[in-house]
2 protein chains.
Amino acid sequence: MRSVHFYITYLLCVSLGILSVIFVLYWSFRWRGGFAWDGSTRQFNWHPVLMVTGLVVLYGNAVVLYRIPLTWGQNKNSWKLLHGGLLFLAMLLAILGLCAVFDFHNSNRIPNLYSLHSWLGISTVTLFTAQWMLGLSAFVLPCSPMAFRQLLKPVHVCMGSMIFVLSIASCLTGINEKLIFISEGKTNATQRYSALPPESVFGNTLGVLIAAFGLAVLKILSTQKWQRPEPRCDETTRLLSPEES
Amino acid sequence: MRSVHFYITYLLCVSLGILSVIFVLYWSFRWRGGFAWDGSTRQFNWHPVLMVTGLVVLYGNAVVLYRIPLTWGQNKNSWKLLHGGLLFLAMLLAILGLCAVFDFHNSNRIPNLYSLHSWLGISTVTLFTAQWMLGLSAFVLPCSPMAFRQLLKPVHVCMGSMIFVLSIASCLTGINEKLIFISEGKTNATQRYSALPPESVFGNTLGVLIAAFGLAVLKILSTQKWQRPEPRCDETTRLLSPEES
């Protein structure tokens, strides 16, 4: 019964993640002119797509990986590599997403890092990069002492959730900001954000999907009975083994 | 040692909450002309102040109340009443904050509920009101059966955290949106959001404080060893007692 509840929530989480990626791609193709890397607004379009895909959906799926009961009976190392690998891909996409917007701003003489969205976003990616590197050093490199792993694990888990909350907040402020900026260029009143044209409804819906995805991930992370069972004491004392950290 | 760690985090949480309220008040007085209830932008100013105070700071403090070790040895009923009372005050302030912005919009023929911020915000207040009413019926009214209380408690705790995450997201999107709207009216380029004039730096800092407050509250809520100890079995079976639900 415990597993059934988990898998229903997990299925919801995966579905909301996939829907969010489809929505942000469709938004860019349908209303924003698609993609390019030429300093135009079509280059900017990579920013929301890469951030939602990397910082939200891949990140969210990577952090709930250990909660899947199917993985509990198996060697943790393979799942640890998948966890770290997915997060590495998420980090690469996020950094590429930052490059897209910085380069777009510089090409169009728009200042960088002035809005609350950008302050939250840059803090999120910086913390994420630091967390990934520390996680690699502590939990994957075999020379990392077990005492250090045990000390860092709760901090790593807690920081992981906090970075995820910040990434959701960054994305939601970004979508709201983008929809206002789009509206600023419209001379026709019926096309402005306040008249809720189809693009605005679609953008708002993307925000709601991302918020729902975030809540589903946080529900999985915060449910104690869905946590991977702790190893027995004799297992935790095996020095230099990355198995259970 | 466990208590020391808790109280440091709790002190941080309370300090960030107080700072957030001071910042949002100072913002309104220093740059937005103070307060009134006359349909002007001075009426709008009640909206951020009431939302940050009620939906974020009072709400956040109310949900961590049971985690304070000092309360564990005492009768839970008194703390339950304080928890419910603080949340009732938070709900009143949030509803008043909504009235302020709806009335301001209606007076100035600005459409309601079009932005992602407003969609998130109205969902948060609706869920919060439903949660408070269900909480009152289930955990305060003596006629509520113990089986119902035990069934609802994990849902109530989980929903409480989710509503808090949504309230943080609503506030951050709202602050970002407000800073962009203020910028739209500026003809002087050095006063626009992208030039980061003092008001924008201050508003962004308020957003960072609120995000930090949110993370401190979530840290307290998610740390298992800081949870109020569960009652013994013989205590949980006392039907009709609201003591431990």
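The number of residues in segment B:75-105 that are open to solvent by less than 30 Å² (accessible area, probe 1.4 Å) and either of a type in the set (Val, Ile, Thr) or without any contact (Cβ under 8 Å) to a residue 12 or more places away in the chain (or both) comes to 1. Going by the conditions given, is residue A:33 of a type in the set (Gly, Ala, Ser) and open to solvent by less than 30 Å² (accessible area, probe 1.4 Å)? Taking the combined requirement at face value, the residue does not satisfy it. Of the helices (runs of 4 or more DSSP H) lying entirely inside segment B:38-89, those containing at least 2 residues that are under 18 Å from residue B:223 (Cα atoms) are B:59-63.
Inside segment A:94-113, residues that are part of a helix (DSSP H, G or I) and either among the polar types (S, T, N, Q) or at the interface with chain B (Cβ under 10 Å from one of its Cβ atoms) (or both) make up a count of 3. Screening B:141, B:134, B:179, B:206 for residues that are open to solvent by 20 Å² or more (accessible area, probe 1.4 Å), out of contact with any strand residue (DSSP E or B) (no Cβ under 6 Å at 6 or more places or on another chain) and at pLDDT 95 or above leaves exactly one candidate, B:134. Give the residue that is nearest to the chain's Cα centre (by Cα), with candidates limited to residues of segment B:33-58 that are in contact (Cβ under 8 Å) with a residue 24 or more places away in the chain and farther than 20 Å from residue B:92 by Cβ. Among those that are in contact (Cβ under 8 Å) with a residue 24 or more places away in the chain and farther than 20 Å from residue B:92 by Cβ, it is B:41. Screening residue B:141 on (1) under 21 Å from the mean Cα position of the chain (by Cα); (2) not in a helix (DSSP H, G or I) shows it passes everything except condition (1).
Sub-8 Å Cβ pairs linking a first residue in segment B:11-27 that is part of a helix (DSSP H, G or I) to a second residue that is modelled with pLDDT of 95 or more and open to solvent by 40 Å² or more (accessible area, probe 1.4 Å), at least 6 apart or interchain, are B:23/B:205, ordered by first then second residue. If you go through segment B:5-27 and pick out every residue that is under 16 Å from residue B:64 (Cα atoms) and of a type in the set (A, V, I, L, M, F, W, C), you end up with 8. When residue B:187 is tested against the conditions (1) over 21 Å from the mean Cα position of the chain (by Cα); (2) assigned to a helix (DSSP H, G or I); (3) without any contact (Cβ under 8 Å) to a residue 24 or more places away in the chain, the lone failure is (2). Looking across segment A:190-201 at every residue that is away from chain B (no Cβ under 11 Å) and not hydroxyl-bearing (Ser, Thr, Tyr), the one that is least open to solvent (accessible area, probe 1.4 Å) is identified as A:199.
Among the residues in segment A:114-128, are any touching a His at 6+ places or on another chain (Cβ under 6 Å), away from chain B (no Cβ under 11 Å) and either free of Cβ contacts under 8 Å to residues at least 24 places away in the same chain or surrounded by 14 or more Cβ atoms within 10 Å (Cβ to Cβ) (or both)? So far as segment A:114-128 goes, no, none of its residues is touching a His at 6+ places or on another chain (Cβ under 6 Å), away from chain B (no Cβ under 11 Å) and either free of Cβ contacts under 8 Å to residues at least 24 places away in the same chain or surrounded by 14 or more Cβ atoms within 10 Å (Cβ to Cβ) (or both). Exactly one residue out of B:15, B:20 is in contact with a Leu (Cβ under 6 Å, 6 or more places away or on another chain), of a type in the set (Ser, Thr, Tyr) and closer than 19 Å to residue B:211 by Cα, and it is B:20.
Answer yes or no as to whether residue B:215 is in contact with a Gly (Cβ under 9 Å, 6 or more places away or on another chain), facing chain A (nearest Cβ under 10 Å), at pLDDT 95 or above and not in a loop (DSSP other than H, G, I, E, B). When the stated conditions are applied, residue B:215 does not pass them. Filtering A:165, A:155 for residues that are assigned to a helix (DSSP H, G or I) and either at pLDDT below 95 or open to solvent by 50 Å² or more (accessible area, probe 1.4 Å) (or both) leaves a single hit, A:155.
Inside segment A:129-183, can you point out the residues that are of a type in the set (S, T, N, Q) and within 8 Å of chain B (Cβ to nearest Cβ)? Once the filter is applied, which keeps residues that are of a type in the set (S, T, N, Q) and within 8 Å of chain B (Cβ to nearest Cβ), segment A:129-183 yields A:161, A:173, A:176.
The values are calculated or read from the model by the stated rules, or taken from the named source; none is laboratory data. Predicted, not measured: the structure shown is a model, and the values here were computed from it. Cβ coordinates were reconstructed from backbone atoms using ideal geometry, including for glycine residues, and neighbour counts include every protein chain displayed. Quick note on the areas: whole protein, heavy atoms, side chains included, nothing else; ligands and nucleic acids left out. Shrake-Rupley method; radii C 1.70, N 1.55, O 1.52, S 1.80 Å.
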